[in-house]
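> Sending over a structure as structure tokens; questions will come in a sec.
Any read-out appearing in this document is the output of simple, stated calculations on the displayed coordinates, not a laboratory observation. Source: prediction; values computed, not measured. Glycine also receives a Cβ, built like all others from the backbone with ideal geometry; neighbour counts cover every protein chain displayed.
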Amino acid sequence: MITMYGIKNCDTIKKARRFLESNQVEFEFIDFREHQIEQRLLESFVDQVGWDKLINKRSTTYRNLSDAQKADITLALTLKNPTLIKRPVLVIDGDIRVGFSEKIYADLI
């Protein structure tokens, strides 16, 4: 089973969803804004890919953080501001992929 996490109005999410749907890849989509991410799930993301890959440093949310917050991204801060998470996050049998690339997603077909 494939689960995609993100925000439904995100352009990258829209591209990733279109790609999977057009290639008949079944997946479940979970919107961070409608369903708060659980701490254990976020911890598993961080454990597998690390903060550097998980945090979207180009997001408005990140740019609005103080320098101190940017220097010390925490679980609590990210749980409170899930738009800090780079999108999409794809979970495939426990394996996590962050961001969208047709080349990477083509492996799913």
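> How about Lys80: which lysines have a C-alpha closer than 25 Å to its C-alpha, ignoring those fewer than 8 places off in the same chain?
Candidates past the 8-residue exclusion: Lys8, Lys14, Lys53, Lys57, Lys70.
> Further, regarding this structure: What fraction of the DSSP beta bridges in the chain is antiparallel, stated in percent and rounded to the nearest 5? Write down the numbers at each step before the final one.
Values: 9 of 13 bridges.
Around 70 percent antiparallel, to the nearest 5.
> OK, next. Note down the relative contact order for region 1-42 as a percent, whole number, built from C-alpha pairs under 8 angstrom at least six residues apart. Present the calculation step by step, with values, prior to reporting the outcome.
Details: 32 pairs, mean separation 22.1, N = 42.
Once normalised by length, the contact order is 53 percent.
> Quick check: pseudo-label points 7 Å beyond the Cα along Cα→Cβ at Asn9 and Asp72, how many nm apart are they?
3.3 nm
> 222 nm [θ] for the chain, helices only, -39500 (n - 2.57) per DSSP H run of 4+, per residue, to 500? Walk me through the numbers on the way to the answer.
Working: 6 runs with 48 residues, N = 109.
The helix contribution divided over the chain gives -12000 deg cm²/dmol.
> Right, next: How about Lys103: which aspartates and glutamates have a C-alpha closer than 16 Å to its C-alpha, ignoring those fewer than 8 places off in the same chain?
Within the straight-line cut-off, Lys103 pairs with Glu21.
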